[in-house]
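The values are calculated or read from the model by the stated rules, or taken from the named source; none is laboratory data. Note that the structure is a prediction, hence the values are computed from the model and not measured. A quick note on method: Cβ atoms are made from the backbone with ideal geometry, for glycine too, and the neighbour counts reach across all protein chains shown. The area values use the complete protein model at the heavy-atom level, side chains included, leaving out ligands, DNA and RNA. Shrake-Rupley method; radii C 1.70, N 1.55, O 1.52, S 1.80 Å.
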Number of protein chains: 2
Amino acid sequence: MPAPPTITCFVRLLSRPFRRPNSFAPLSTHSNFRLFSAITHDMETVDTTSRLAKLRELMKREKVHVYVVPSEDAHSSEYICAADARRAFISGFTGSAGCAIVTQEKAALSTDGRYFNQAARQLDSNWELLKQGLPDVPTWQDWVAQQAEGGKNVGVDATIITAQQAKGLETRIKKKGGTGLLGISSNLIDEVWGADRPDRPNNPVMVLDEKYSGKEFPLKIEAVRKELENKKSPGFVVSMLDEIAWLFNLRGTDIPYNPVFFSYAFISPKSTTLYIDSSKLDEKAIAHLGSAVKIRPYHAIFDEIILLAQEFKAGQPETEPGTSEDGGKWLVSNKTSWALSKALGGEDSIEVIRSPLEEEKAVKNDTEKEGMKRCHIRDGAALTEYFAWLEDELLKGTSIDEVQAADRLEQIRSRGENFMGLSFDTISSTGPNAAVIHYKPEAGNCSVIDPKAIYLCDSGAQYLDGTTDTTRTLHFGDPTDMERKSYTLVLKGMIALDRAIFPKGTSGFALDILARQFLWSEGLDYRHGTGHGVGSFLVIDPLLVIQNVHEGPFGIGTRIQYSEVALSPGMFVSNEPGYYEDGSFGIRIENIIMVKEIKTNHNFGDRPYFGFERVTMVPMCRKLINVSLLTPAEIGWLNSYHAEVFEKTHGFFEEGSLALKWLKRETTPI
Amino acid sequence: MPAPPTITCFVRLLSRPFRRPNSFAPLSTHSNFRLFSAITHDMETVDTTSRLAKLRELMKREKVHVYVVPSEDAHSSEYICAADARRAFISGFTGSAGCAIVTQEKAALSTDGRYFNQAARQLDSNWELLKQGLPDVPTWQDWVAQQAEGGKNVGVDATIITAQQAKGLETRIKKKGGTGLLGISSNLIDEVWGADRPDRPNNPVMVLDEKYSGKEFPLKIEAVRKELENKKSPGFVVSMLDEIAWLFNLRGTDIPYNPVFFSYAFISPKSTTLYIDSSKLDEKAIAHLGSAVKIRPYHAIFDEIILLAQEFKAGQPETEPGTSEDGGKWLVSNKTSWALSKALGGEDSIEVIRSPLEEEKAVKNDTEKEGMKRCHIRDGAALTEYFAWLEDELLKGTSIDEVQAADRLEQIRSRGENFMGLSFDTISSTGPNAAVIHYKPEAGNCSVIDPKAIYLCDSGAQYLDGTTDTTRTLHFGDPTDMERKSYTLVLKGMIALDRAIFPKGTSGFALDILARQFLWSEGLDYRHGTGHGVGSFLVIDPLLVIQNVHEGPFGIGTRIQYSEVALSPGMFVSNEPGYYEDGSFGIRIENIIMVKEIKTNHNFGDRPYFGFERVTMVPMCRKLINVSLLTPAEIGWLNSYHAEVFEKTHGFFEEGSLALKWLKRETTPI
């Protein structure tokens, strides 16, 4: 029963025009706070000759031999706004991950396997493509170091590289005989870009009501202060945008799909400062923050922190009377920029930690848990309605392309309660396109959905009460034996992980093999992680984690980082094994699952044991299951899951509706 | 068909007198190279008052406030000879792991959960017991640092602590306000011990024929030189005794159960030096080493290496003309002592690496593989003969205690081909004793085996062609439901790991959950690792790896170190899940398995896939299996394994013999 939300902030329309292939209902724009979708780039080659010439002039002016252009913004964001897409501007390559490097003679772009084809298409002849991960191809850091051989220096905008990355890079440069890494204060790409550079978004923020956040923000800040006390630290700099949004119970729309806003925060034992353009704050937001939070301009953080650090060092903490002279070091997270770390006094003055907010944010409180479950039920009903419609249209012979289908899904979702926008680009892919793990259909240049092929849909939405992310793989005709076998092996892995019970302290690294074991036995595998964390009306990592590319707080996969954080009750994580046959088909099944304590029969060692609760409520594809490959226990799981899906979502549909018929058929016990 | 080996070196009898409870056949002493067993300590409290008083006098003389006594010898050996048992001498505590710390006022002994009871019994009132791993109990390093507060210093014999341990310890001491860590050249405990200290063994070494080693030693040294070349290093110091024995194809008897000998080795690009007492080398060994290996006295390494390092630093490598002036750093393994690292010039002059010999030694060549498989078949037949005899005697009402049983097993093994001694203290344990993971029955003070209780036997032997390590849990009467359920859950885990198929690059950390999953589902677990490596007529780690206690090159378990080394074809590893109910019973099932390449149906990504080959050939205990808990696939595994055990071992027994009847009964298909 969708009802309009009470939040009012400003209007932002979907950036992609709505297309109506059939008799779609009109798009209901009941919400006036709406996350916009990412800009759609075409895949054409860009002529970068004049851009590079201008950049090389600036490099001469700055006396820089090698210039590095990372993908991230000043907050280590995975998703960035158009104004921060500097690497895309200079190289022409628009994929989400990569690093550009320019010297007076050469230009190179390093990216990972997902993007080899796209980069080869988009880069012009000025560029060399470094295919990350292939044997004998240097990493971008090694390539940079090679260029610096013989006493050359390397420059980078110190605000868009983390202190840890800068340190590692500098070591390699010096090892090769380069002179070092220069942190340049202005960004040379921005200068080349000039007037053509898009404006930096400066959208208003909204207050997230406590009925959604579940915890007043001063209590969250108190927890940070406890950490400061433990470490005898004079202050903690928060630079990740999702951590700031979570901490203050505010949300924004500065970055596509991510309800965050440009800002920094600084918390000392006695004061809290939010660095944000004050034009972003309306009366409600100002009242929400109250007098305890100092508001300072976004860019002021650098100057103020230099001052603070100098005063602290001099033992005259006038600005911060609450800090003690014999205190320890400033705390920064491992995602904090080199520029901020330098402003605080550099390596000797800071302690780089895993942000305490990272785990606090990951472990949902009761309000957030209930919200996440509720919005997944609504979202599941939307997916059921969509799949039922899609199957019906395709079998009637309607021609629907991948983008038209995705738009229909967005339209259905947008009618749901608390809908605030999509949480990432919908992956709507038919046949061989489904084998492209991060496939992104382009309007007007995508495939028509083949009713005789696999259809893979990975999508999600932002709701006031939570964030969703679901993948289902369907077939509307007669799947091949290999398609059914692959789907069933993927499903068996998904079920094995879902049913896992493990003692406190177990990480997602240790669990990963449960999802892969059945594929491995047949010599099959998937080249991405099994699970990533999901925020509550916040940032998710919808990009499936490719080996060694992303860094994340916790997850399930074969990357050793996943051994660092144990899975704890209240964490929401995806469970999404897959299998991809290049040029033929792709399979992925993704549920969101919640870690919770499990009462076991014996409880050996008086340790708590944990397991998972199913959060996503969408049927599996019966047609793709080869029942003979399932054990009785797996069939039992499937029937119980389907009973739960039916129970929780059937109330959304009218008797006799297409969706209810489809739901009944797909959830009938095997 | 046991035949006497051709090797002749010297005679050493078993240290434990042979006891004959029944009509045992006489111990056949066909081998005159025999590893001796460890000294049996009684469990009585030792009065350390006068020892501590003497030590405290010496500490005053040396101006040391806190003195640390680690368990290891100068080679980081896990097993040590009696002369190196300094921690046991000063504290009275004889367990295999722990650290003693003495100040003028206090004395503390830190050990892990295996030894809490033993330590409490053995320590007198001078000592405080630090129960490692319990909440609020400091680690020994933290306890040391606390004692050093207020400008005190800490002393340690620099030859028996690794450079890495010393560095970590010094950091903590300084953080607490201590002045630092002193590496003392003489060992104060040895001085206290005086004339009562046992002689350091100086036994002759034997040459291991190429028909057992499979590779001439100069080829192994060439591989080390490749590593030196890659790293542009002037030399590598080998200090682990098993690495030296493996490298030179020599074996010794200086340490109980471990066929190693006291020595160091130094390999430069042009020369090889073995630091060993020349009295240990007979003509055959000298001829084997040839003129390319310089022989220098054992203790000479320190002086010579200081000289070498100084010459190298001065750019005048006269001693080592093969080394180049612009070379890199000396290579040492992470197990190398602080004293050796300091002799090489300290932190700036050395590169601490994972020894390249560690992995080379772990990956067996074809000769070693065949030897390992052959000796496990012979050893399996010995175990079958033993279990058949034990069951028969117990059911006849014969009273047999745990040590008498273990001796009988040793006697049966000793008749086997190529037998060289046991590979560790036999764990022969009845009823509640089986719940003590590292139980060691003491002659005259152990339990009589209860035919109505669980019997757990973990044992192994050294053969010229390999090393064995097997655990079986049996019941001679009527097991309880819980015993059968636990045994079956352990067996399911053992089978799941045995059947695992995984791509190249997978570590034992990732596989561990396969062995635990069924126990975890019931809230059960075991507090030790799942698998450890096994050498070929070399050192194994028979101590089950307890969390955070041991360090090892590779293994299967929940310790993060196990993620560092991928399992590679040719590695032999144990597969030994368990379950222990304190005061009641214990279960462990251990097979040795060999990593090998597996041909899969699909071979996705053109990566090799690996799996395991079963090496141990001893039946499971039918009586303890609850068949209703097994899947058809698990029953299939069991029947196929039993068929293989019968096929490979029945030839060792005469028709109509007790052993053959037992073997047939236990291997009949389920």
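Mind grabbing the interface size between B and A? I mean buried accessible area, both sides, 1.4 Å probe, in Å² to the nearest hundred.
That pair hides around 2600 Å² of surface in total.
Where a Cα-Cα gap under 21 Å defines reach, which lysines qualify for residue A:623, not counting those fewer than 8 residues away within the same chain?
The qualifying lysines are A:396, A:452, A:485, A:492, A:661, A:664.
Nearest 5 percent is fine: what portion of the DSSP beta bridges confined to the protein assembly as shown is antiparallel?
If I count the DSSP bridges inside the protein assembly as shown, around 70 percent turn out antiparallel.
For chain B, take the longest principal axis of its alpha carbons; what is the angle in degrees between that and the long axis of helix B:49-61, to the nearest 10 within 0 to 90?
With rounding to tens, the tilt is 30 degrees.
Which of the peptides A:186-197, A:238-249 is most tightly packed, and how do the rest follow, judged by the mean count of other Cβ atoms within 10 Å per residue?
Peptide ranking by packing, descending: A:238-249, A:186-197.
Tell me, what ³J(HN,Hα) does each residue in the stretch A:582-587 have, in order and in whole Hz, if you take phi through Karplus 6.51 cos²θ - 1.76 cosθ + 1.60 with θ = phi - 60° and put x for Gly and Pro?
Computed from phi, the couplings for the stretch A:582-587 are 3, x, 10, 7, x, 10 Hz.
Could you check what % of the DSSP bridge pairs in the stretch B:48-196 are antiparallel, to the nearest 5?
The answer is about 40 percent antiparallel.
Which whole-number percent is the relative contact order of the stretch A:48-196 (Cα, under 8 Å, 6+ apart)?
With pairs under 8 Å counted, the relative contact order is 25 percent.
Taking amide H atoms as placed 1.01 Å from N in the peptide plane, list the residues 5 or more away in sequence, or in a different chain, whose amide H sits under 5 Å from that of residue B:257.
For residue B:257, whose amide H was placed from the backbone, the distant partners under 5 Å are B:36.
Hey, what do the phi angles of the stretch B:415-424 turn into as Karplus ³J(HN,Hα) couplings, whole Hz, using 6.51/-1.76/1.60 and θ = phi - 60°, x for Gly and Pro?
7, x, 4, 6, 5, 10, x, 7, 9, 5
Could you run the Karplus curve 6.51 cos²θ - 1.76 cosθ + 1.60 with θ = phi - 60° over the stretch B:239-256 and give me ³J(HN,Hα) per residue in whole Hz, x for Gly and Pro?
Result, rounded to whole Hz: 10, 6, 5, 6, 5, 5, 4, 5, 4, 9, 6, 10, 9, x, 9, 6, 10, x.
Just the number, please: percent antiparallel of the DSSP beta bridges in chain A, rounded to the nearest 5.
Antiparallel bridges: around 70 percent, rounded to the nearest 5.
Put the label 7 Å from Cα along Cα→Cβ for residue A:328; what are its distances to the other copies, in nanometres, shortest first?
3.5
Return the subset of A:226/B:176; B:284/B:648; A:232/B:60 for which the Cα-Cα distance in this structure is over 32 Å, preserving the input order.
From A:226/B:176; B:284/B:648; A:232/B:60, over 32 Å: B:284/B:648; A:232/B:60.
If you count, for each residue, the other Cβ atoms within 10 Å and average over each peptide, how do A:70-77, A:620-627 line up from highest to lowest?
Averaged packing, sorted descending, gives the order A:70-77, A:620-627.
Give me the angle, in degrees from 0 to 90, between the Cα long axis of helix A:508-521 and the longest principal axis of the Cα atoms of chain A, rounded to the nearest 10.
Approximately 40 degrees, to the nearest ten.
Treating only the Cβ of Lys, Arg, Asp and Glu as charged (+1, +1, -1, -1), what charge dipole size does the stretch B:142-242 show about its Cα centre? Round to the nearest 20 debye.
For this selection, approximately 580 debye.
Determine the share of the protein assembly as shown's accessible area contributed by carbon and sulfur atoms, expressed in whole percent, with a 1.4 angstrom probe.
That fraction is 50 percent.
Do any residues of the stretch B:564-613 show a loss of at least 30 square angstrom of accessible area between the isolated chain and the full protein assembly, using a 1.4 Å probe, and if so which?
Relative to the lone chain, where solvent access is computed with a 1.4 Å probe, the stretch B:564-613 loses at least 30 Å² at B:601, B:602, B:604, B:609.
With the contact rule set at Cα under 8 Å and sequence spacing of 6 or more, what percent relative contact order holds for the stretch A:366-661?
Worked out over the stretch A:366-661, it gives 22 percent.
How much area per residue is accessible in chain A when the probe is 1.4 Å and only protein heavy atoms are counted (Å²)?
That works out to 38 Å² per residue.
How would you classify the stretch A:449-495 from its alpha-carbon gyration tensor, with a ≥ b ≥ c the square roots of the eigenvalues: rounded for a/c under 1.5, else prolate if a/b is greater than b/c, otherwise oblate?
oblate
Using a simple charge model, +1 on the beta-carbon of Lys and Arg, -1 on the beta-carbon of Asp and Glu, nothing else, what dipole does chain A show about its Cα centre, in debye to the nearest 20?
The calculation lands at about 300 debye.
Given Cα pairs under 8 Å that are at least 6 residues apart, what percent is the relative contact order of chain A?
11
List for the stretch B:500-517: residues with 20 Å² or greater reduction in accessible area, all protein chains versus chain alone, probe 1.4 Å?
B:501, B:503, B:509, B:510, B:513, B:514, B:517
In the stretch A:521-540, what residues drop by 40 Å² or more of accessible area when the other protein chains are put back, versus the chain on its own? Use 1.4 Å, and skip ligands and nucleic acids.
A:521, A:522, A:523, A:525, A:527
Could you state the orientation-averaged shadow area of the convex hull built on the Cα atoms of the protein assembly as shown, in nm² to one decimal?
It is 52.2 nm².
What gaps in nm, shortest first, separate residue B:601 from its twins in the other copies when you place the label 7 Å past Cα toward the beta carbon?
Label-point separations across copies, in nm and ascending: 3.2.
Please give every one of the lysines within straight-line cross-link reach of residue A:131, meaning a C-alpha to C-alpha distance under 18 Å, and leave out same-chain neighbours fewer than 8 residues apart.
A:106
Classify the stretch B:48-196 as rounded, prolate or oblate, taking a ≥ b ≥ c as the square roots of the eigenvalues of its Cα gyration tensor: rounded when a/c is under 1.5, otherwise prolate if a/b is larger than b/c and oblate if not.
Since a/c stays below 1.5, the shape of the stretch B:48-196 is classed as rounded.
For chain B, what does -39500 (n - 2.57) per DSSP helix run (n ≥ 4), summed and divided by total residues, give at 222 nm, in deg cm²/dmol to the nearest 500?
Helix contribution divided over all residues of chain B: -10000 deg cm²/dmol.
Would you pull out the residues with amide H under 5 Å of residue A:420's amide H, same chain only if 5 or more places away, H placed 1.01 Å from N?
Amide H neighbours of residue A:420, under 5 Å, 5+ apart: A:462, A:463, A:464.
On a 0 to 90 degree scale, rounded to 10, what angle separates helix B:481-498 from the longest Cα axis of chain B?
Here the helix axis deviates by roughly 60 degrees.
For residue A:398, enumerate residues with amide H under 5 Å from its amide H, sequence gap 5+ or separate chain, H modeled in the peptide plane.
none
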